[in-house]
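Visitor: One structure coming up, written as structure tokens, with questions to follow.
The values are calculated or read from the model by the stated rules, or taken from the named source; none is laboratory data. Note that the structure is a prediction, hence the values are computed from the model and not measured. Here Cβ is always computed from backbone atoms with ideal geometry, including for glycine, and neighbour counts include all displayed protein chains. Note: areas computed on protein heavy atoms with side chains; ligands, DNA, RNA excluded. Shrake-Rupley method; radii C 1.70, N 1.55, O 1.52, S 1.80 Å.
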Amino acid sequence: MSNFFLWLSRLRSSSKCFYENLRTPNFHNFRTQNKRTRGPWLTWSSSVLPLALAVSAGSLAFQPHSNLSLCDASNSDIRGAGLGGKGSSQFVVKGSHKEIPQELLKELKDICQDNMTLDYDERYVHGKPQNSFHKAVNIPDVIVYPSSEEEVSKIVKSCNNHKVPIVPYGGATSIEGHTLSPNGGVCIDMSLMKRVKALHVEDMDVVVEPGIGWMELNEYLEPYGLFFPLDPGPGASIGGMCATRCSGSLAVRYGTMRDNVISLKVVLANGDIVKTASRARKSAAGYDLTRLMIGSEGTLGVITEVTLRLQKIPQYSVVAMCNFPSVKDAADVAIATMMSGIQVSRVELLDEVQMKAINIANGKNLPECPTLMFELIGTEAYAREQTQIVRRIVSEHNGSDFVFAEEPEAKKELWKIRKEALWAGFAMKPDLEAMISDVCVPLSHLADLISKSKKELDASSLVCTIVAHAGDGNFHTIILFDPAQEDQRLEAERLNHFMVHAALSMEGTCTGEHGVGTGKMKYLEEELGVEALRTFKKIKAVLDPNNIMNPGKLIPPHVCL
């Protein structure tokens, strides 16, 4: 363990969290029309994520599309390959806009009272995702903050009657343009709906409103010895996690969002409130509406209640870390570990560029080489036994510097490295933005995919880092670029295209956990086939005939019925 304490001393050499240095309250202290007090707006500083030029919401004309048997012509160019459609390489999401009816504004005011705003700054923050380079030509016309399921139903019904688009808004951590409002309209911010409605300790489930964050929920559950096992980015809300079908580093052990949601309540486009399932752990009662809604990204309905499966907090855990001469060696160990049958709860991979970024961001002196991180859980004896098996596997695949931690604070220090990967990346190029890939392949293809991608990334003029949920074949590349420089934008797109097409050629997917939004639509036909996309559109046409539910997302505009 002497090596570990030497290593840990390096890790602790800087106590100031880089994450805090990258955030700045650019929009705090402004007065909104509803004069409600919510925490200061925290956005990226201009030196990290330059703010996009926003087009005034009243300057263009929105044309709703009520006939879904046609293509979405407003987002298509003359060849029919619209933004996000097959072959698209456009950057700013197009849209059209018309003045929101005063009658609708009056109806929304009657429903929400003071919990709505027309304030420009607030609308701008909601219209420009803080963690994403994606932009749109318009921003929302109005933000509403419902406090109950009944209010959501009334809001959606009014918008449907006026054929005005709506965009559900959760924790604002998505990175594929899910919360953009290219056609203006009404943004439904769910942040006031964050109650825990019921906790069933003996059944190990909990019923919550969609605005609660996963970190808040786990703080609530901890005294009961329970936790919700999905851990995406800090700030993510349960409703948004359902909408994007997210996962996180613990998915290798506990599954993704689709495996951990028992039931939902959803408001459909006409205002109807639908319960998708009972609270039973299994059911064969008809169509699986729960799984239909999970991953639908707000295009079919607004989630207003979620029943979640919970887990017992592990009795004991060990966090281990080791280094490799190449990313292929590291990926090979991840595969070998999973094949061994060891019950790992996390297997995370960081390449040498990412480790360099961590050193720069935090003033540390960690080895700048491909690195694997493991978490093993169970009884104390079992976790320690599994740790030694992992150590042996590592030594058989060119691994070195194997260290592990058992003390809570030491384990927290280790996982802090992985959680701050994105923020650390910006320390290398603080004036740039990030395009983040999210490919996933069958585990047996992971080493091959990472090796091919790594060669392409290293040959590029752009700074690129790799972080991966290596235990389930999912890896991300953080590509740093300046969107204002066309050559850099095209190079970032080229690298992203390369990795996606390589993953698809290996029976993989363009998105393992981040979702489709506007950024990944162009890959769906190659991955799923046009018949599947037409089926998507048929479902959408039935549930949302006026196309008001988060229009322009998930379904490529070139797909016609």
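Visitor: A 23 angstrom limit on the alpha carbon distance is what I want to check against. Which of K282/K419; K275/K538; K197/K412 exceed it?
Guide: From the list (K282/K419; K275/K538; K197/K412), the Cα-Cα distance tops 23 Å for K282/K419; K197/K412.
Visitor: Mind ranking 258-264, 337-343, 171-177, 150-156 by how tightly packed they are, going by the mean number of other C-beta atoms within 10 angstrom, highest first?
Guide: Values: 258-264: 20.0, 337-343: 14.7, 171-177: 24.1, 150-156: 22.0.
Final packing ranking: 171-177, 150-156, 258-264, 337-343.
Visitor: As an exercise, find the ratio Rg/Rh for segment 413-531 from alpha-carbon atoms, using the Kirkwood inverse-distance average for Rh. Please list the in-between numbers first.
Guide: Values: Rg = 14.2 Å, Rh = 14.8 Å.
Taking Rh as the inverse mean 1/r over Cα pairs, Rg/Rh reads 0.96.
Visitor: Right, something else. Cα centroid distance between segment 160-217 and segment 129-151, in Å?
Guide: 11
Visitor: In addition: According to a simple spin-label model (label point 7 Å from Cα along Cα-to-Cβ), what is the distance in nm between E219 and E493?
Guide: 4.2
Visitor: Right, another one. Under a Cβ-only charge scheme (Lys and Arg +1, Asp and Glu -1), can you give me the dipole magnitude of segment 340-460 about the Cα centre, in debye to the nearest 20?
Guide: 40
Visitor: Given segment 289-425, what whole percent of its Cα pairs are spread farther than 20 Å?
Guide: Distances greater than 20 Å cover 54 percent of the Cα pairs.
Visitor: May I pose another question? What share of all Cα pairs of segment 253-359, in percent, falls into each consecutive 10 Å distance bin?
Guide: All Cα pairs considered, the percentages come to 11, 29, 21, 23, 14, 1.
Visitor: For the peptides 235-246, 218-229, 413-424, 311-322, what is the packing order when you average, over each peptide's residues, the other Cβ atoms within 10 Å and list the highest mean first?
Guide: Details: 235-246: 26.4, 218-229: 16.2, 413-424: 19.5, 311-322: 17.9.
Averaged packing, sorted descending, gives the order 235-246, 413-424, 311-322, 218-229.
Visitor: I would also like to ask the following. Using just the alpha carbons, could you tell me how many Å³ per residue the convex hull of segment 97-189 encloses?
Guide: 88
Visitor: Oh, and also: Give the accessible surface of segment 447-487 per residue, rounded to a whole number of Å², with probe radius 1.4 Å and ligands, DNA and RNA excluded.
Guide: Computed with neighbouring chains in place, this is 33 Å² per residue.
Visitor: Also: From Cα pairs below 8 angstrom and at least 6 apart in sequence, can you work out the relative contact order of segment 316-505, rounded to a whole percent?
Guide: 28
Visitor: Once both labels are modelled 7 Å past Cα along the beta-carbon direction, what's the E407-E150 spacing in nm?
Guide: Rounded to a tenth, the inter-label distance reads 5.5 nm.
Visitor: Of all the accessible heavy-atom surface of segment 433-494, with the other protein chains kept in place and a 1.4 Å probe, what percent is carbon and sulfur?
Guide: Here it works out to 49 percent.
Visitor: For K128, which aspartates and glutamates qualify as cross-link partners when the Cα separation must be under 16 Å and same-chain residues fewer than eight apart are set aside?
Guide: The qualifying aspartates and glutamates are D119, D141, E176, D189, E433.
Visitor: Calculate what fraction, in whole %, of the accessible area of segment 196-312 sits on carbon and sulfur atoms when a 1.4 Å probe is rolled over the protein chains.
Guide: Carbon and sulfur atoms account for 50 percent of the accessible area of segment 196-312.
Visitor: If the viscosity is 1.567 mPa s and the temperature 4 °C, what translational diffusion coefficient in µm²/s does Stokes-Einstein give for segment 196-312 when Rh comes from Kirkwood over Cα pairs?
Guide: Details: Rh = 14.2 Å.
It diffuses with D of about 91 µm²/s by this estimate.
Visitor: Leaving out ligands, DNA and RNA, what percent of the accessible area of segment 97-189 is carbon and sulfur, probe 1.4 Å?
Guide: Of all accessible area on segment 97-189, carbon and sulfur atoms account for 47 percent.
Visitor: Let me ask something additional. Would you give the gap between the C-alpha center of segment 379-455 and the C-alpha center of segment 509-525, rounded to a whole Å?
Guide: If we compute the Cα centre of each part, the gap is 24 Å.
Visitor: Starting from the Kirkwood radius over alpha-carbon pairs of segment 340-380, derive D by Stokes-Einstein at 4 °C in a medium of 1.567 mPa s and give it in µm² s⁻¹.
Guide: Numbers: Rh = 11.7 Å.
Answer, rounded: 110 µm²/s.
Visitor: Let me ask something additional. Students often forget the sequence filter, so: which lysines lie under 18 Å Cα-Cα from K135 once same-chain residues fewer than 8 apart are removed?
Guide: Straight-distance partners of K135: K94, K520, K522, K553.
Visitor: What ranking, highest mean first, results for peptides 349-355, 248-254, 378-384 when packing means the other Cβ atoms within 10 Å averaged over each residue? Before the final figure, lay out each step's value.
Guide: Numbers: 349-355: 24.3, 248-254: 22.1, 378-384: 14.3.
Per-residue Cβ counts within 10 Å, averaged per peptide and sorted highest first, yield 349-355, 248-254, 378-384.
Visitor: Normalized C-alpha radius of gyration of segment 316-505, against 2.2 N^0.38 Å?
Guide: Numbers: Rg = 16.6 Å, N = 190, 2.2 N^0.38 = 16.2 Å.
Expressed relative to 2.2 N^0.38 Å, the Cα Rg reads 1.03.
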